[in-house]
Protein chains: 2
Amino acid sequence: MLETPIRDRRAERREATRAEILEAAWELARAEGLAALSLRDLARKVGMKAPSLYSYFDSKNAIYDAMYAQGSRQYLERDAGLGLTGEPLNDLKAAMHFFVGFCTEDPVRYQLLFQRTIPGFEPSAESFALSVEGLEAVQKRLAGMGLTDPRALDLLTAVGTGLTDQQISNDPGGDRWARLIDDAMEMFYNHVSNRKGGGAGNDGHAR
Amino acid sequence: MLETPIRDRRAERREATRAEILEAAWELARAEGLAALSLRDLARKVGMKAPSLYSYFDSKNAIYDAMYAQGSRQYLERDAGLGLTGEPLNDLKAAMHFFVGFCTEDPVRYQLLFQRTIPGFEPSAESFALSVEGLEAVQKRLAGMGLTDPRALDLLTAVGTGLTDQQISNDPGGDRWARLIDDAMEMFYNHVSNRKGGGAGNDGHAR
DNA sequence: TCGGAGTCTCTAACATAGTTCGATAACTCT
DNA sequence: AGAGTTATCGAACTATGTTAGAGACTCCGA
């Protein structure tokens, strides 16, 4: 056997360099825009020339893909750490605040993960599977609240991305959007409550 | 004086060529993607070489800008021709169906007008004013329904763009989204009715 | 210790972008 | 017909992603 530790050392260094490149890519993308990321600039930032990057990534899109996977993993981690109370309306609000917060705190990541408007880039099957996992986590949480109608997921996704878009492009600060989310979630919750129970949505303000 | 008709003839020809270039640009963008539009391809399509386009537009972004203005004008026209009944819920549904329909019938136009994800492009002040005009038209119509809360516009915009994004990226056909729009607008209408009148949203199904 | 194998990095170059320059052709008007 | 304006084009410049091939370095077995 002897799967030598030296081989591991090399793999470690390689992985460290990959991580360093990705970190530099995020910084450049946040500074200049995701689509404006150039391999020559990126290489300069990590002390290389452009072709050397091809020792670590097959192409520029492979870099985007690695960033996409990183972003998806960040979402899964953060999502898993989201503690809920068991009270549906509160949890609904918390989940939406989490989603919009996650998106707006890094617009570049949001563009990469959810807008998908980088000219020639489509995530690979592996990376896409990660984001599907995230969507399933959302679906599962909704199911835990009793929301199994697929239209609920559709509508909430629409509201989430729509609010995120507006918040990013209009004005990032202020609690204007926070109150709007609360409002929308109350509206939504009342709606589905009426659909199911008949009139359960009117009494409990749930706080 | 003699502001000669010949001079007009030239201006006409020039304007016709500009329109022809823009038409070809739309076709290419619809076929290959908005960001994949290249001046050399565009020039070939209209029987020119790339530098000749600079006699008609200052830059590639100027072409995008002209397309943006065209799209905004199309929106204003269609919006003005939207006949409403005076019944708030029906009109709300019709307006949202109109908006989402306008967006999904030409995803390239939607991307240009509302997503604004072309790498180096920002609409000029004049073109942007046109789109603001469109937003004001929506605002005015909402006010006509008694919806003056600015949050109403925010939320409806979010729902509109969010639903459009989903419909475009998931599956264009089917009435799944149409029913979702109806559902969302009923929900929204009941919500604002409750806010204002107290309990007017429960009795009238409004159809 | 030496040399081969593998890995990393570089220079040079290619194709394709948008764009500019300068010359040529076409057209308009006197 | 000649002057002035406009349109068009070939050549070239910069910047992009990408590839090929040549050195340099590390590791490992002989």
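The values are calculated or read from the model by the stated rules, or taken from the named source; none is laboratory data. These figures come from a predicted structure and were not determined experimentally. Virtual Cβ from ideal backbone geometry, glycine too; neighbours counted across all protein chains shown. Keep in mind that these areas ignore ligands, DNA and RNA; they rest on the heavy atoms of the full protein, side chains included. Shrake-Rupley method; radii C 1.70, N 1.55, O 1.52, S 1.80 Å.
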Problem set entry | Using a 7 Å Cα-to-Cβ projection, residue B:23 label spacings across copies, nm, ascending | 5.6
Problem set entry | Zone of residue B:171's modelled label, taken as backbone nitrogen in the range A:151-168 under 17 Å from a point 7 Å along Cα→Cβ | A:151-155
For this session: With a length cut of 15 Å (Cα positions projected on each helix's long axis) and a Kyte-Doolittle mean of at least 0.0, go through chain B and give me the DSSP H helices that pass.
Result: B:88-104, B:125-144, B:150-169
Exercise. So which aspartates and glutamates can residue B:45 reach, going by Cα to Cα under 18 Å and dropping same-chain residues fewer than 8 places off?
Worked result: B:15, B:20, B:23, B:27, B:32
For this session: Hand me the GluC sites (Glu not before Pro) from the range B:3-72 located in a DSSP loop with no more than 15 other Cβ atoms within 10 Å, in residue order please.
Result: B:3
Problem set entry | Pairs of Cα atoms farther than 40 Å apart, the protein assembly as shown, % | 28
Problem set entry | Accessible area buried, both sides summed, chains B and A with 1.4 Å probe, Å² | 2500
Exercise. What is the ratio of the Cα radius of gyration of the range B:1-138 to 2.2 N^0.38 Å, where N is its residue count, to two decimals?
Worked result: 1.24
Exercise. Quick one: label points 7 angstrom along Cα→Cβ at residue B:106, distances to the other copies in nm, smallest first?
Worked result: 3.7
Exercise. For the range A:1-104, which trypsin sites (Lys or Arg not before Pro) are in a loop by DSSP, counting at most 12 other Cβ atoms within 10 Å?
Worked result: A:49
Exercise. How far is residue B:94 from itself in the other copies, in nm, if each label sits 7 Å out from Cα along the Cα-Cβ line, shortest first?
Worked result: 4.4
Exercise. How big is the charge dipole of chain A about its Cα centre, in debye rounded to the nearest 20, if each Lys and Arg gets +1 on its Cβ and each Asp and Glu gets -1 on its Cβ?
Worked result: 500
Problem set entry | Simple label model, 7 Å out from Cα along Cβ direction - residue A:50 to residue A:97, nm | 4.6
Exercise. Per-residue ellipticity at 222 nm for chain A, helices alone: DSSP H runs ≥ 4 residues times -39500 (n - 2.57), over residue total, nearest 500 deg cm²/dmol?
Worked result: -22500 deg cm²/dmol
For this session: Quantify, in whole percent, the carbon and sulfur part of the accessible surface of chain A (1.4 Å probe; protein heavy atoms only).
Result: 51
For this session: Kindly tabulate the residues in the range B:143-175 with an accessible-area decrease of at least 10 Å² between the chain alone and the assembly of all protein chains, using a probe of 1.4 Å.
Result: B:151, B:154, B:155, B:157, B:158, B:159, B:161, B:162, B:163, B:165, B:166
Exercise. Under a no-solvent Debye model with one identical scatterer per Cα of the range A:75-207, what's log10 I(q)/I(0) at q = 0.09, 0.10, 0.12, 0.13 Å⁻¹?
Worked result: -0.28, -0.35, -0.50, -0.59
